[in-house]
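Okay, so here's the structure we're looking at.
The values are calculated or read from the model by the stated rules, or taken from the named source; none is laboratory data. What you are looking at is a predicted structure, and each value in this text was computed from that prediction instead of being measured. Note that each Cβ is placed from the backbone with ideal geometry, even for glycine, and that neighbours are counted across all protein chains shown.
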Amino acid sequence: MRKRTWISLVFVCSLLSLPIGNCAHAQQAKGDSSYNFVNGIISRQVLENYLSRSITQAEVVASEGCYNDGPYPNKDDDYRMLKHIGAKFIGRSIYSWGKEHFFQTPSFWANAKAAIDDYHAYDSTAVFQAGIFEIVTEKVEDIAIPAWVFEAFGLPVEQRNFVYRSMLNREGRLVDHWRKGSSVPDITQRETRLFFYYLARRYMEVGIEAIHFGQAQLMAMDGREKALIAWKELLDNVRTAALTVARRGTVICDSHLPNGGMVLDGKLLFDFVSFPLRLKEIINEPQQVQLEVGYYDGIYRETVGGITPSGWSCDHGVYLVEFDNFGISKHRDEPNWKDHYAWGYDEITWFHKQPEVYRNEFLHYAYHWVRTTDPNGFLQMPGSRIITGADTNRYRANTQSPNCPMGKGQENTIKEIWEHN
């Protein structure tokens, strides 16, 4: 496998603790490493401090009986790894893809709270993120609506459960999209906002301080302005609840936004944007990829500006790019399809398939490419995430050991990158 010039450059600079290219302006200043926020306000520097130490650790605080995609063995080693590398923003730590019965399971909440509390005894500034996604099923009707949900929206308190049909688009858009009885909810329907608020507050009650709201644009139906107003109402209510419910009076909200952000009256609705890396195949180098501005629907240099929820202004919003998971294609190991697959695989499955040396080289490359290409962007490291069609159901970054025999060996690379930048 032929190494490209960026590989040697990365390793030389990392050994010498030097920035690459024009990265000096993007590096955190020594001593300017606060992780403090309070009362709904997070400064740009503190937000960037968190995003610069972010990692996807899917379902790490979920527990047995409440996993979305099969077992999660050797989890204790994940907590060891997170402490070893100095993770600060622990992404997708708990969520449900449908499966609303989780929310009726006391252990779903209690075990998550115990895990988060235990970690905060070690590092009280670490942020755990939950996910609220673009899916709702008929099982939502088993959940009773607490009085505080109605009160938050200024509605008369009723004794009833959530209504599935009331969350769906009236014209049938994306109804039964996932399967029969499983749809994309319409954010312009008030019932959807009530349900999302319910979930957000429950998550904050167990120690969650960040929420990823899935594909917000996909749920933005029934007119653009109406959808923006609906998202604003929900997020305003969630942030108001955070003042008294969240650990530090603050919740950090993001979404997967291909248009680079949501703005209403000059104000950004989300604190930051998340998006896939969008890997471009290198045709003459099998399995290898690169990042490129303007490739497919990549978000590099494309985020929109405005006044953030914390009150500071920006010309371009800050964002994370992640190793996304969405399945595998029918053209595996074939190049040049010009789609969102990398050699026919989703991003995290492609990454899992690579030799360990190339995985580590690619993390160096991707981290520095993002930071030098767009100072508003940050790479979210891969820690634990569901993969497709491989020898296991989950990629793990851990150093391989008896405590994590399926570890893929990126732990020390992540630690090295973070310590030198």
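The table below lists the values:
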quantity	calculated
Residue that is farther than 19 Å from HIS101 by Cα, surrounded by fewer than 13 Cβ atoms within 10 Å (Cβ to Cβ) and in contact (Cβ under 8 Å) with a residue 12 or more places away in the chain, where the choices are GLU151, GLU158	GLU158
Residue in region 51-72 that is surrounded by 15 or more Cβ atoms within 10 Å (Cβ to Cβ), under 20 Å from TYR395 (Cβ atoms) and among the acidic types (Asp, Glu) present	yes
Flag for THR349 being within 24 Å of LYS75 (Cβ to Cβ), assigned to a loop (DSSP other than H, G, I, E, B), under 19 Å from the mean Cα position of the chain (by Cα) and not basic (Lys, Arg)	no
Cβ-Cβ under 8 Å pairs, at least 6 apart or on other chains, region 287-304 side within 15 Å of ASN259 (Cα to Cα), far side surrounded by fewer than 21 Cβ atoms within 10 Å (Cβ to Cβ) and hydroxyl-bearing (Ser, Thr, Tyr)	VAL293/THR373; TYR300/THR373; ARG301/THR373
Criterion violated by ASN412 - all others in (1) closer than 25 Å to ASP297 by Cα; (2) surrounded by fewer than 19 Cβ atoms within 10 Å (Cβ to Cβ) satisfied	(1)
Qualifying residue in region 376-391 (condition: of a type in the set (Lys, Arg), part of a loop (DSSP other than H, G, I, E, B) and under 23 Å from VAL61 (Cα atoms))	no
ASN398 being part of a helix (DSSP H, G or I), within 22 Å of the chain's Cα centre (by Cα) and polar (S, T, N, Q)	no
Number of the exception - ALA24 against (1) part of a helix (DSSP H, G or I); (2) at pLDDT 95 or above	(2)
Positions within region 73-99 being farther than 22 Å from ARG396 by Cα and in contact with a Ser or Thr (Cβ under 6 Å, 6 or more places away or on another chain), in sequence order	GLY98
From the options LEU168, LEU174, LEU194, LEU218, residue that is at positive phi and of a type outside the set (S, T, N, Q)	LEU174
One residue from LYS232, LYS180 being surrounded by fewer than 17 Cβ atoms within 10 Å (Cβ to Cβ) and closer than 20 Å to TRP97 by Cβ	LYS180
Subset of region 356-382 [touching a His at 6+ places or on another chain (Cβ under 8 Å) and crowded, with 21+ Cβ neighbours inside 10 Å]	ASN376
Residue, farthest from PRO106 (Cα to Cα), within region 190-214, restricted to residues that are more than 19 Å from the chain's Cα centre (by Cα) and of a type outside the set (S, T, N, Q)	ARG190
Selection status of ALA110, of a type in the set (Gly, Ala, Ser) and either farther than 18 Å from ARG385 by Cβ or assigned to a helix (DSSP H, G or I) (or both)	yes
Failed condition for GLY86, given (1) modelled with pLDDT of 95 or more; (2) over 19 Å from the mean Cα position of the chain (by Cα); (3) surrounded by fewer than 16 Cβ atoms within 10 Å (Cβ to Cβ)	(2)
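Every residue, every condition in (1) out of contact with any helix residue (DSSP H, G or I) (no Cβ under 9 Å at 6 or more places or on another chain); (2) over 27 Å from PRO106 (Cβ atoms), yes or no:
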position	(1), (2)
GLU134	yes, no
PRO146	no, no
ALA152	no, no
TYR164	no, no
MET167	no, no
SER182	no, no
THR188	no, yes
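Conditions tested, residue by residue: (1) in contact with a His (Cβ under 6 Å, 6 or more places away or on another chain); (2) polar (S, T, N, Q); (3) farther than 30 Å from TYR50 by Cβ.
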| residue | (1), (2), (3) |
| --- | --- |
| THR105 | no, yes, no |
| ILE116 | no, no, no |
| PHE133 | no, no, no |
| PRO156 | no, no, yes |
| LEU168 | no, no, yes |
| SER183 | yes, yes, yes |
| ARG201 | no, no, no |
